[in-house]
Every structure is written in structure tokens, then in C-alpha cells.
Amino acid sequence: MLLATHRVAETTCPDCNRLYLRKKVVRKSAIGAAETINRAKFGAVSVAVNERMHDLNKISQDQAAFIAQKATGYKTLRSYLWALEAEAYDDAQ
């Protein structure tokens, strides 16, 4: 993995670039049951959120509900929908 950074701030130092190298990491342990369950949940919720964001029948209602709770709850529409779909997924299980 190669990571390069550049700092834009005005300084007297001309060396504002940094380059980091990391060797490839190979997983040594097997995938556990809890990780498999979490991966399945993440995949299902992710698909549900994307479908819901593109569903023209629900988008107006979701936007209105999101704006109503924005001051005290989730800051982005995606995080709000993610919470709703994660709760629905947990209820279905």
C-alpha cells in the first residue's frame, strides 16, 4: 500500500510531502461466525439503503422525516436511512 500526503498550509519548511509504504498484509485467522453474520447484515442493509434512496415513492417522505429529526439525530440522509434499514433488518431476524 502506498499513501502520499501533501500539506497545503503556508510554512517555512519546504518538505510538506510525506510518503508512507506498507507491506501487504495476509489474514492469518479464519472468518468467524460473528463476522459472517456482520458481513451479511452489512450487505443486506447497504442494498436496502441504496434501493430506498432511489425509490421515488419513498424519497419525499424520507426527506421530510430526516429534516424533522436532523437537529437532534442523524446528520446525513444516508446515516438516517441506514439506521432505519438496520433496525428493520434486526426486526426481521
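Here are the numbers for this structure:
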{"read-out": "Whichever residue in the range 18-59 is basic (K, R) and over 30 Å from L2 (Cβ atoms) and, among such residues, is modelled with the lowest pLDDT", "value": "K58"}
{"read-out": "Qualifying positions in the range 53-93 - among the aliphatic types (A, V, I, L, M) and closer than 20 Å to K41 by Cβ", "value": "M53, L81, A83, L84, A86, A88, A92"}
{"read-out": "Residue within the range 50-72 that is within 30 Å of A88 (Cβ to Cβ), assigned to a loop (DSSP other than H, G, I, E, B), within 21 Å of the chain's Cα centre (by Cα) and β-branched (V, I, T) present", "value": "yes"}
{"read-out": "Sole residue being surrounded by 13 or more Cβ atoms within 10 Å (Cβ to Cβ) and of a type outside the set (V, I, T), chosen from L21, L81, L56", "value": "L81"}
{"read-out": "From D90, D62, residue being among the acidic types (D, E), out of contact with any Pro (no Cβ under 8 Å at 6 or more places or on another chain) and loosely packed, with under 11 Cβ neighbours inside 10 Å", "value": "D90"}
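The values are calculated or read from the model by the stated rules, or taken from the named source; none is laboratory data. None of these values were measured; they are calculated from a predicted model. Every residue, glycine as well, gets a Cβ built from its backbone with ideal geometry; the counts of neighbours run over all protein chains shown.
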